[in-house]
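**Student:** Before we start, here is the structure in question, set down as structure tokens.
The values are calculated or read from the model by the stated rules, or taken from the named source; none is laboratory data. Computed from a predicted model, the values in this text were never measured in an experiment. Ideal geometry is used to build each Cβ from the backbone, glycine not excepted, and the neighbour counts take in all protein chains shown.
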Amino acid sequence: MGYNAVCVARARSDPVARRRCSGGLRLRAPCGTRRVTSPLTVERVQAIVARAAGHGRAPMDAGPETPLVDGGFWLDSVHLLEAIIACEAAFGIIFDPDTDFTGAHLSTVRTLHDLIRVKQST
């Protein structure tokens, strides 16, 4: 796990680390407020992944089965973390780095979508 992933994981449980990590990135909505979330669709997840990949890196024929890394969007660890954080913010979820950051969950746009759907239902 890279520095940013460790930093985000630590910031979820440690208030001091939360202020230090990622320039004070707010990982949760303040108490008493509701997060505004986007409707969950495969297309919305794909758009978030394409934005994280950057201009010109999204395949022309991208779809739900397009790999997030090799042979697809070519996300490196930093861009994958950006996509994960953007999905958390857009869909009002919190990923568990110990159980959710697996190759099975983060292999394609569809597997990421399915993981988000499960997280929203719990």
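**Student:** Looking at Gly63, Gly103 in this structure, which one is free of Cβ contacts under 8 Å to residues at least 40 places away in the same chain and part of a loop (DSSP other than H, G, I, E, B)?
**Tutor:** Gly103
**Student:** Would you check which residues across the stretch 81-91 are touching a residue at least 60 places away in the same chain (Cβ under 8 Å) and more than 21 Å from Ala62 (Cβ to Cβ) and list them?
**Tutor:** Glu88
**Student:** Moving on to the next point. Can you find, within the stretch 72-100, the residue that is nearest to Arg51 (Cα to Cα) among those that are part of a loop (DSSP other than H, G, I, E, B) and aliphatic (A, V, I, L, M)?
**Tutor:** Taking the candidates together, the pick is Leu75.
For every residue, the table says whether it meets (1) out of contact with any helix residue (DSSP H, G or I) (no Cβ under 8 Å at 6 or more places or on another chain); (2) modelled with pLDDT under 90; (3) acidic (Asp, Glu).
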position: Gly2; (1), (2), (3): no, yes, no
position: Pro15; (1), (2), (3): yes, yes, no
position: Arg18; (1), (2), (3): no, yes, no
position: Gly56; (1), (2), (3): yes, yes, no
position: Ala62; (1), (2), (3): no, no, no
position: Pro67; (1), (2), (3): yes, no, no
position: Trp74; (1), (2), (3): no, no, no
